[in-house]
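**Q** I am attaching a structure below and will ask some questions about it afterwards.
The values are calculated or read from the model by the stated rules, or taken from the named source; none is laboratory data. What you are looking at is a predicted structure, and each value in this text was computed from that prediction instead of being measured. Heads up, the Cβs are rebuilt from the backbone with ideal geometry, glycines too, and the neighbour counts pull from every protein chain shown. Protein only, heavy atoms only, side chains kept; ligands, DNA and RNA dropped before computing areas. Shrake-Rupley method; radii C 1.70, N 1.55, O 1.52, S 1.80 Å.
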Amino acid sequence: MRQILTYGTVALMTALAPAAALAEGEVNIYSSRHYDTDERLYSDFEAATGITVNRIEGKADELIARMQAEGRNSPADILLTVDTSRLKRAKDAGVLQSIDSAVLETRVPGYLQDADNQWFGFSQRARIIFYDKAEVNDPPRTYLDLSDPRYKGLVCIRSSSNTYNQTLLASIIENHGPDTARAWAKGVVANMARAPQGGDTDQLRGIVSGECEIAVSNSYYFARAIRTDVKGVSDQIGMIGWVFPSQNAEGAHMNLSGGGVAVHAPHRDNAIRFLEYLASEQAQKYFSAGNDEYPAVPGVGLSPSVAALGFFKPDDVDLSAVAARLPEAQKIFNEVGWE
């Protein structure tokens, strides 16, 4: 029977089944992806391979700390999480291992892989600019435009503790240098319509409520409001326009969802097989159809809600290089007073 455990009950699994005694034909996944639609990924993998998926859910930092505390006795085979910053934290914490997989190295673009093959990206979300079509005739066309004084008092964006914003600023440092990145962050703070608050959907709600006229959010929150009813967004979705930024420059910044094999994985071969499955045509299509994300593998078809946003140029900056810029990004946030 598939075990779906919360973080609070992970100790039970360790107590009842030490790593050395875990049965063959299993794979144990520590996941901070909180989407019900991922159930299809697990059940399809089980049906195709006969390998039982045991899943432990929790916040990324909690799971990483748990893996460190468990050490060699950890039952974890795989860590799945969202955003490059968290994948970097896992690597820096020493809870992942390098693997060799021709399937992953061939199917996943190089810029969506860790330089040491400790993690791979499997789905993406574009971090894009939304605006009130009735109030904004000339929306920002690049990320740097968000700091233009003409948008003073108009911008809703999340806090500096948000991993999506941390990775966005790190990519700006990598693409444009630290001085430009610092000036950008300072300018965005000056242009904020309100103190940073809430999640990405709340930034979209800010446009609908009139609190702000411009917002920054990941694409899949908006695509979800196209596909299904999202309170405070879907009923007024026609008033919101969007821009894929920097199309004549680096392209739209992409947030990554990915995973890697745990450093002490008791079922290493099964873990690699599961990651290879996530790069398959079937799984890649489901990332789009089930959760309104962009596939990591080129050429995979999009769901209607995602395709409705249109074609765009993504930033193909090396995410390993971006990850190395994260401490600098946090320092800049602190310096400019981005709450």
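**Q** Can you tell which of ASN28, ASN73, ASN165 shows the greatest fluctuation in a Gaussian network model of the chain with Cα springs below 10 Å?
**A** It is ASN73.
**Q** Can you tell which of ASP83, ASP229, ASP316 shows the greatest fluctuation in a Gaussian network model of the chain with Cα springs below 10 Å?
**A** Judging by the Gaussian network model, the answer is ASP229.
**Q** If you don't mind, there's one more thing I want to ask. I need the peptides 174-185, 302-313 ranked by packing, meaning the mean over residues of other C-beta atoms within 10 angstrom, with the highest value on top.
**A** Averaged packing, sorted descending, gives the order 174-185, 302-313.
**Q** Mind listing which trypsin sites (Lys or Arg not before Pro) in segment 213-297 are in a DSSP loop and have 13 or fewer other Cβ atoms within 10 Å?
**A** LYS231
**Q** Now for a separate question. When only C-alpha pairs under 8 Å and at least 6 residues apart count, what is the relative contact order of segment 213-293, in percent?
**A** In percent, rounded to a whole number, it is 31.
**Q** Report, in deg cm²/dmol and to the nearest 500, the calculated mean residue ellipticity at 222 nm for the chain, where each DSSP H run with n ≥ 4 adds -39500 (n - 2.57) and the sum is divided by the residue count.
**A** -11500 deg cm²/dmol
**Q** Next up: Accessible area per residue, 1.4 Å probe, Å², for the chain: what's the number?
**A** Spelled out: the 1.4 Å probe surface of the chain, per residue, equals 40 Å².
**Q** If you don't mind, there's one more thing I want to ask. So I have (i) 36; (ii) 25; (iii) 20, and one of them is percent of Cα pairs over 36 Å apart calculated from this model. Which one is it?
**A** Read-out taken from this structure: (iii).
**Q** Let me ask something additional. For the chain, what does the relative contact order come out to in percent, with C-alpha contacts under 8 Å and a separation of six or more?
**A** Once normalised by length, the contact order is 26 percent.
**Q** So, one more: What residue among PHE287, TRP338, SER98 has its Cα farthest toward the positive end of the dipole of the chain, where the charges are +1 on Lys, Arg and -1 on Asp, Glu, each on the Cβ?
**A** So the residue we want is TRP338.
**Q** Using a 10 Å cut-off on Cβ atoms, rank the peptides 60-70, 209-219 from the highest mean neighbour count down.
**A** Answer by packing, highest mean first, reads 209-219, 60-70.
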